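The values are calculated or read from the model by the stated rules, or taken from the named source; none is laboratory data. This structure is a prediction, so every number in the text was calculated from the model and none was measured. Reconstructed Cβ throughout: ideal geometry from the backbone, glycine too, with neighbour counts over all protein chains shown.
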Amino acid sequence: MNFSFKNSAGYILILITSVIIAVSGDNSVSLLPPFIAIGLAFVTKQVLVSLFCGIWCGAVISLINNGISPLNAFFSGFFKVADTYAVKGMMDESHIMIILFSLMIGGMIGIVTASGGMQGIVGKFAKKADSGPKSQLLAWASGLIIFFDDYANTLIVGNSVRPLTDKYKVSREKLSFIIDSTAAPVASVAILSTWIGYEIGLIGDAIKTTGVELDPYMVFLYSLPYRFYALVLLIFIPCYIFMKRDFGPMLKAEKRSLNNENSDESYSDTTDFPVLKAPPEEKCKWYSAAVPIIVLILMTFGGIFFSGYSAFEGDSLSLHQIIGEADPFKVLIWGSLVASIVAGTMMIVSGTGNLTEVVSAWIEGVKSMVTAMIILVLAWALSSVVTELKTAEYILFLLSGTLPYWILPGLVFLTASVTSFATGTSWGTMALLFPTALPLAVPLAVSGGIPPEQIHSYIYCVTGAILTGAIFGDHCSPISDTTIMASMSCRVSHIEHVRTQMPYALTIGAISFFAGYLPAGFMINPFLLLIPQLIAAYLIFRYFGKKAE
């Protein structure tokens, strides 16, 4: 932890503000847990420590409210974080299922990576990429194919496509931008990914505090049209590639590349890059990854139908009703379990590993998910604290009559963006904002006069703002793990990657805010709002961008 002057000033500001809140009386102390969690995350860049301190603060307040002396509450609250709130977060059956699903998906990814399956898929398409734009399009398409995990996406695509883009003098800055702008967005909107269990867990926990009967999985699905930033990036990138127009630092990077400066020597300021461990190229078979992924998809969709059909007790039967009655958590566990077994079998059959190596690869994949699961448990614990202290109700009391309902989606998007930029983690940002922002949406919609039949849409909009705002800030952040991995896999200076990508991310983010979330607050159809956003992105790059030639 770096105790620079800037960080020290941040600690002092947090301390002073906390004291002001604490002495304000009434229910204002209920603001302290989320404030401390978010404030410390800004300063320390450590989400785990920040969440723990936020929960600890809430535990102390809860004990004092129950008549415990402040000194005893301070020490007792420390242990209550683990023996009470963390346990509460893990005792919920759906929470346990989310953890199991996420760990097994991580294990499957470890196997298909070790078997060389992902490299095989990319190599299969590389034969048709015979120009600069086509090689870039290959990077974008490969990112869509490896939709189930942003880490695997970034490392595999960057290492696999980089030699091809180098051949056609595409700057590594542009390649890293395409990869970074595909990995997290596609993983966040994919209906099957390592993200979905985490996102559904946060959504479900927040929905319980709203008093609205909604299935978390359905909230996730219906929030997809409101993921403006992610959707605009994913849709616009092919157009951007074939326009061949850039501006700012990216234009200079493209000119350097055309002058044959796109070599490892030209990026001598980079650190040592990890080599993606994979079997020899001749053993990297595309079907080693394709078959487990197809099995996972088929098992999940088939499991949803089977689960919903078995649970449905009504007279009429429709696809919407079947999905609504299904137990998505059980289905995801079924799919990830079978897919892991199939991936291991494919690795043995293809000759890229024996049973011992399959188990080791699976365990390595599981290890990659442990930190995320710890964050998730602490997020559930923080949610329990703010619910117990009725933080959302107090915030509503403060904002009632002053905050128009239509501005909440845009405000949430900006808050998520700033938090994600400061912390460098989109997952941590989601964990910090869901417990407070989503419970605020329902009463604000009611007080704003939104018709009852549109309140669900308003919840979907706020949910989308949180999820995609977290990605936007993460893209701009130099301390983001995916941003770092994108520069690493493309072997480009990390500072150059951030410097060239940030103007583009800020441009698309501004479009999403002004043409997306602000009008979306008035309950305008999200599909209609995507059209002006895409047009705006095209016009900016068309008239402000220039060709490197």
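Candidates are the residues of region 64-93 that are among the hydrophobic types (A, V, I, L, M, F, W, C) and over 29 Å from the mean Cα position of the chain (by Cα); the one that is farthest from residue 383 (Cα to Cα) is 71. Within region 113-151, being over 29 Å from residue 101 (Cβ atoms), surrounded by fewer than 20 Cβ atoms within 10 Å (Cβ to Cβ) and at pLDDT 80 or above holds for 131, 133, 134, 137. Among the residues of region 405-416, is any crowded, with 20+ Cβ neighbours inside 10 Å, within 30 Å of residue 498 (Cα to Cα), under 13 Å from the mean Cα position of the chain (by Cα) and at pLDDT 80 or above? Among the residues of region 405-416, at least one is crowded, with 20+ Cβ neighbours inside 10 Å, within 30 Å of residue 498 (Cα to Cα), under 13 Å from the mean Cα position of the chain (by Cα) and at pLDDT 80 or above, which makes the answer yes. Of all positions in region 144-162, at least one carries a residue that is assigned to a helix (DSSP H, G or I), free of Cβ contacts under 8 Å to residues at least 40 places away in the same chain and within 18 Å of the chain's Cα centre (by Cα).
Does residue 346 satisfy the criteria of being among the aliphatic types (A, V, I, L, M) and assigned by TED's automatic domain parsing to the domain that holds residue 109? Taking the combined requirement at face value, the residue satisfies it. Of the residues 500, 482, the single one that is crowded, with 21+ Cβ neighbours inside 10 Å, closer than 13 Å to residue 421 by Cα and modelled with pLDDT under 95 is 482. Just one of the listed residues (52, 79, 101) is out of contact with any Cys (no Cβ under 6 Å at 6 or more places or on another chain) and surrounded by fewer than 20 Cβ atoms within 10 Å (Cβ to Cβ), namely 79.
Within region 182-235, track down each residue that is out of contact with any helix residue (DSSP H, G or I) (no Cβ under 7 Å at 6 or more places or on another chain) and farther than 19 Å from residue 101 by Cβ. Scanning region 182-235 gives 208, 213.
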